[in-house]
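To start, the structure under review is shown below, and the notes come after it.
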Amino acid sequence: MGDEVLSIDGLHVSVDGTEIIKGLSLTINIGEIHAIMGRNGAGKSTLANVVMGHPAYEITAGTIAFKGVDLDEMEVFERARAGMFLSFQYPASIPGVQVGTFLRKSVSSVRGNSAPSARDFRKELMGHMDSLNMDKSFLSRYVNDGFSGGEKKRLEILQMLLLNPSLALLDETDSGLDIDALRVVADGINSIAPEAGCLLITHYQRLLEHVKPDFVHVMIDGRIVRTGSAELAGELEAKGYDWLEA
Amino acid sequence: MSGDTARDAVGDYQYGFHDPENATIRFDKGLSEQVVRDISELKNEPEWMTEIRIKAYRRFIEMPMPTWGNCDMLNQIDFDAVTYFLRSSKGTENDWDDVPDDIKNTFERLGIPEAEQKWLGGVTAQYESEAVYHSIREDLEEQGVLFLDMDSGLREYPEIVKKYFATVVPASDNKFSALNTAVWSGGSFIYVPKGVHVAMPVQAYFRINAKNMGQFERTLIIADEGSSINYVEGCTAPTYSTESLHSAVVELIAMDGAKIRYSTVQNWSANVYNLVTKRGVAYADATIEWVDGNIGSKLTMKYPSVLLKGEGSHAEVISVAYAGKGQHQDAGAKVHHLAPNTTSNILSKSISKNGGRSSYRGMLQVTPKAHGCRSKVVCDALMLDSESQSDTYPTMEVGNSSADLEHEASVSKVSNDQLFYLMSRGHSEAEAMGMIVNGFFEPFTRELPMEYAVELNRLLELEMEGAIG
Ligand SMILES: Nc1ncnc2c1ncn2[C@@H]1O[C@H](COP(=O)(O)OP(=O)(O)OP(=O)(O)O)[C@@H](O)[C@H]1O
Ligand SMILES: [Mg+2]
């Protein structure tokens, strides 16, 4: 057993009085890649958002800990600074805020004293953008404003690479990506994976061909109903979810 | 007002320091015909200007308060408590070293001389009623560009001043333009000769230091045929618990094919009444642009306007307003399409926070003979909480059916998803708000000279700190 990055224990979550997560436990160690699959509306994004601290969700029972520290009292930005990262299924757009400025500010917030100098940051940024096949012109565009679906996902991965988290929650980062982009995103995940815990939420096996998960969990109606190895993903793709329902 | 309440009212106002008042001449509080005569006499003005002042004073007395804006706040103004003239130095210096030390310190804290060296074509600094420092680059002077404080302008070029003064904003326009015409002092006088382009912006800096002070600067800019000028002004005042009145008049004249851009970042402390009349007239194919930011003051009432008098002329008004606790920003734009094929763009953005109120008040007029006009008006309001207020009062008078007019208005709130997104990238709630707010104002900020843009962003970020949570 390696070090625990994320430990979720007996989690129940409600939004506006409706229970969405109904008793969920999950442990992720450094160097592990976990995939979560499940139908639309099963509660996958809710799980990711709750771990990151979205204020709309109420934890009615259970605990979430990051590197052994209970997250209950920790604000969203403190979680980010502690090394948690969420790649959003639907990243928000921030009109008027240029990508370049936003990235620089985010890196200095999250990495604090160990943030790179302006020149090193630039170098790092250019390197990652090259590997993600992102044109420099992105830097002067506004954050996610008018971005195509795939462009938004690339920007999420760019942020992940720059912020270098020890826990990465990737919510359908593979959706809407073309084949080349899927490969660069997978490369990105693989590059941080050895030093981090990764939780991939996905509907498709194709990402898992490039990023080999250690565990695949099936989520139905707010619970994990089955956990298996990478092969489970293929099985789900072939058979759907009906056979797993109680 | 207790110290705490005063601080509450003005927030963390960073220009809130003040210097001891070292007046060389200070008029008694209150206004009378004699005070008006005394100001004119003190300045050794020609008879005709004294006449203009006296007439304007009489109009001021007769005229009622405006019935729009914020009447409650307006009626709180005690005209008898205002000092109408205060001289702090012996004259206007052209050498920075000759400016009195205390005044020099003030402007140095505000970064004025550095800015001049780096990026300005000329600078004038007004302290209370009069300019204390003035300079213009030699190359501009050689090209015949006149850039003086208004008092010197009147002294040295009376024929030009007489020809244009109060032709764009008559004294009788409104109560505050009458007041300004009666007691005006300081401001800028600019003449750009035919075909001369002033590439570097010229800047004026206005500072009120004394308590209960009234600052009534008067600015007149004339851009002759085919010329262009970019004028920038900034305003601050220290934080007192008593109120000050700033009531300026600005007149712009853009002759055929000329272009004037006039940018303002107003950051008066939150006990200054800022009641300003700004208007420009554009002749054939001329362009007038108002870039107007209102961050400070208790009450601002200001509607930069353009008279599109010549065929093919163009008006651009980009304004932002930030209304925090106890503040009312009543701002907007007025464009009068008086000639055929004239065009205008109005973009107004406002933010209200902590119970502040921002209003957009606009007027768009197209006269019957003005064929083929185009105008686009966009008003966006951003509300940072539910106790704040935003309202719009657009007026349109369209007398020519060929006009192509667009009007869009929106009121939005900062979405939780935006905040969550930014916070998940390590930004505190205040920092996230600051980014969203700066992004919202970006279409304005990017029009400002770099130094002003940076300063404005920093200011708004400071505003977002504190009162959150
Ligand atoms: N803020 C919210 N307000 C109301 N209902 C919500 C909210 N967030 C989630 N839900 C509901 O909770 C359920 C789970 O949503 P969630 O987004 O977690 O599903 P998901 O598994 O990510 O689905 P998908 O595969 O479509 O992304 C859905 O029925 C959704 O409508
Ligand atoms: Mg989802």
### Task
Go through the range A:147-167 and count every residue that is within 16 Å of ligand 2 (Cβ to nearest atom) and either hydroxyl-bearing (Ser, Thr, Tyr) or in contact with a strand residue (DSSP E or B) (Cβ under 6 Å, 6 or more places away or on another chain) (or both).
1
### Task
Considering only the range A:174-205, state which residues are more than 19 Å from A:Val51 (Cα to Cα), touching a Leu at 6+ places or on another chain (Cβ under 8 Å) and within 16 Å of ligand 2 (Cβ to nearest atom).
A:Asp174
## Note on the structure
By residue number, the members of the range A:176-196 that are within 13 Å of the chain's Cα centre (by Cα) and closer than 25 Å to A:Arg39 by Cβ are A:Val185, A:Ala186, A:Ile189
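For every residue, the table says whether it meets (1) farther than 19 Å from B:Tyr421 by Cα; (2) of a type outside the set (A, V, I, L, M).
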{"position": "A:Asp3", "(1), (2)": "yes, yes"}
{"position": "A:Ser7", "(1), (2)": "yes, yes"}
{"position": "A:Gly10", "(1), (2)": "yes, yes"}
{"position": "A:Met37", "(1), (2)": "yes, no"}
{"position": "A:Gly41", "(1), (2)": "yes, yes"}
{"position": "A:Gly62", "(1), (2)": "yes, yes"}
{"position": "A:Leu86", "(1), (2)": "no, no"}
{"position": "A:Gln89", "(1), (2)": "no, yes"}
### Message
For the range A:30-45: of the residues being closer than 22 Å to A:Lys67 by Cβ and not β-branched (Val, Ile, Thr), which is nearest to ligand 1 (Cβ to nearest atom)?
### Response
A:Ala35
### Query
Can you tell me which of B:Lys325, B:Lys334 is assigned to a strand (DSSP E or B), open to solvent by 10 Å² or more (accessible area, probe 1.4 Å) and not β-branched (Val, Ile, Thr)?
B:Lys334
### Message
Could you check the range A:95-106 and list, in sequence order, the residues that are in contact with a Leu (Cβ under 7 Å, 6 or more places away or on another chain) and at the interface with another protein chain (Cβ under 8 Å from one of its Cβ atoms)?
### Response
A:Ser106
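For every residue, the table says whether it meets (1) of a type in the set (Ser, Thr, Tyr); (2) assigned by TED's automatic domain parsing to the domain that holds B:Asn274; (3) modelled with pLDDT under 95; (4) part of a loop (DSSP other than H, G, I, E, B).
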| site | (1), (2), (3), (4) |
| --- | --- |
| B:Ala9 | no, yes, yes, no |
| B:Asn44 | no, yes, yes, yes |
| B:Thr50 | yes, yes, no, no |
| B:Asp72 | no, yes, yes, no |
#### Entry: Check on A:Met160, open to solvent by less than 10 Å² (accessible area, probe 1.4 Å) and in a helix (DSSP H, G or I)
yes
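The rows are residues; the columns are (1) more than 30 Å from A:Met160 (Cα to Cα); (2) part of a loop (DSSP other than H, G, I, E, B).
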residue: B:Gly362; (1), (2): yes, no
residue: B:Thr392; (1), (2): yes, no
residue: B:Met396; (1), (2): yes, no
residue: B:Met435; (1), (2): no, no
residue: B:Leu448; (1), (2): yes, yes
residue: B:Leu460; (1), (2): no, no
### Subset of the range B:226-254 (residues that are surrounded by fewer than 20 Cβ atoms within 10 Å (Cβ to Cβ) and modelled with pLDDT of 90 or more)
B:Gly226, B:Ser228
### Query
surrounded by fewer than 18 Cβ atoms within 10 Å (Cβ to Cβ), more than 14 Å from chain A (Cβ to nearest Cβ) and of a type in the set (Gly, Ala, Ser) - does that describe any residue in the range B:360-367?
no
### Task
Could you check, for the range A:15-29, whether at least one of its residues is within 28 Å of B:Glu442 (Cβ to Cβ), outside any loop (DSSP other than H, G, I, E, B) and more than 16 Å from ligand 1 (Cβ to nearest atom)?
no
### Query
How many of the residues in the range A:73-94 are facing chain B (nearest Cβ under 7 Å), under 18 Å from the mean Cα position of the chain (by Cα) and closer than 23 Å to B:Phe444 by Cβ?
1
### Query
Of all residues in the range B:49-69, which are within 30 Å of B:Ser359 (Cα to Cα) and surrounded by 19 or more Cβ atoms within 10 Å (Cβ to Cβ)?
B:Ala56, B:Tyr57, B:Arg59, B:Phe60, B:Gly69
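Just to check your reading of the model, which residue among A:Arg119, A:Arg111 is within 30 Å of B:Asn457 (Cβ to Cβ), within 19 Å of the chain's Cα centre (by Cα) and basic (Lys, Arg)? Even if it seems obvious, please write down each step before you answer.
Numbers: A:Arg119 fails: within 19 Å of the chain's Cα centre (by Cα).
When all the criteria are applied, what remains is A:Arg111.
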### From the options A:Leu177, A:Leu200, A:Leu207, residue that is within 16 Å of ligand 1 (Cβ to nearest atom), surrounded by 15 or more Cβ atoms within 10 Å (Cβ to Cβ), more than 14 Å from every other protein chain (Cβ to nearest Cβ) and part of a helix (DSSP H, G or I)
A:Leu207
### Query
Hey, among B:Leu382, B:Leu405, which residue is within 14 Å of chain A (Cβ to nearest Cβ) and either part of a strand (DSSP E or B) or modelled with pLDDT of 95 or more (or both)?
B:Leu382
### Task
Give me the pairs, please: first residue somewhere in the range A:109-122 and more than 14 Å from chain B (Cβ to nearest Cβ), second residue anywhere and open to solvent by 60 Å² or more (accessible area, probe 1.4 Å), beta-carbon distance under 7 Å, and either six or more positions apart or on two chains.
A:Phe121/A:Arg104
### Summary
Exactly one of A:Ile21, A:Ile33 is surrounded by 15 or more Cβ atoms within 10 Å (Cβ to Cβ), among the β-branched types (Val, Ile, Thr) and within 16 Å of ligand 2 (Cβ to nearest atom), and that residue is A:Ile21
### Query
Only one of (1) assigned to a loop (DSSP other than H, G, I, E, B); (2) crowded, with 24+ Cβ neighbours inside 10 Å; (3) modelled with pLDDT of 95 or more is not met by B:Val168, so which one is it?
(2)
### Task
Look through the range A:124-148, keep the residues that are exposed (fewer than 13 other Cβ atoms within 10 Å of the Cβ) and closer than 19 Å to A:Ala92 by Cα, and return whichever of them is nearest to the other protein chains (Cβ to nearest Cβ).
A:Ser140
### Query
A:Asp171 fails exactly one of the following numbered conditions: (1) surrounded by fewer than 21 Cβ atoms within 10 Å (Cβ to Cβ); (2) modelled with pLDDT of 95 or more; (3) within 16 Å of ligand 2 (Cβ to nearest atom). What is the number of that condition?
(1)
### Message
Filter the range B:123-147 down to the residues that are within 18 Å of the chain's Cα centre (by Cα) and open to solvent by 20 Å² or more (accessible area, probe 1.4 Å) and list them by number.
### Response
B:Glu130
## Note on the structure
Of A:Ala35, A:Ala48, the only residue that is within 11 Å of another protein chain (Cβ to nearest Cβ) and of a type in the set (Gly, Ala, Ser) is A:Ala48
### Residue satisfying all of: in the range B:413-446; under 24 Å from B:Glu316 (Cα atoms) and surrounded by fewer than 18 Cβ atoms within 10 Å (Cβ to Cβ); nearest to the other protein chains (Cβ to nearest Cβ) among these
B:Pro443
#### Entry: Where a residue in the range B:33-47 is in contact (Cβ under 8 Å) with a residue 60 or more places away in the chain and its partner, wherever it lies, is surrounded by 13 or more Cβ atoms within 10 Å (Cβ to Cβ) and aliphatic (A, V, I, L, M), with Cβ under 7 Å and at least six apart
B:Val36/B:Ile54; B:Val36/B:Ala182; B:Val36/B:Val183; B:Ile39/B:Val183; B:Glu45/B:Leu154
### Query
Name the strands (runs of 3 or more DSSP E) wholly within the range A:46-123 that hold at least 3 residues that are within 16 Å of ligand 1 (Cβ to nearest atom) and open to solvent by 30 Å² or more (accessible area, probe 1.4 Å)?
A:58-66
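The values are calculated or read from the model by the stated rules, or taken from the named source; none is laboratory data. Here the structure is a predicted model, which means the values were calculated and not measured. FYI the Cβ positions are ideal-geometry reconstructions off the backbone, even for glycines, and counts take in every protein chain you see. Protein only, heavy atoms only, side chains kept; ligands, DNA and RNA dropped before computing areas. Shrake-Rupley method; radii C 1.70, N 1.55, O 1.52, S 1.80 Å.
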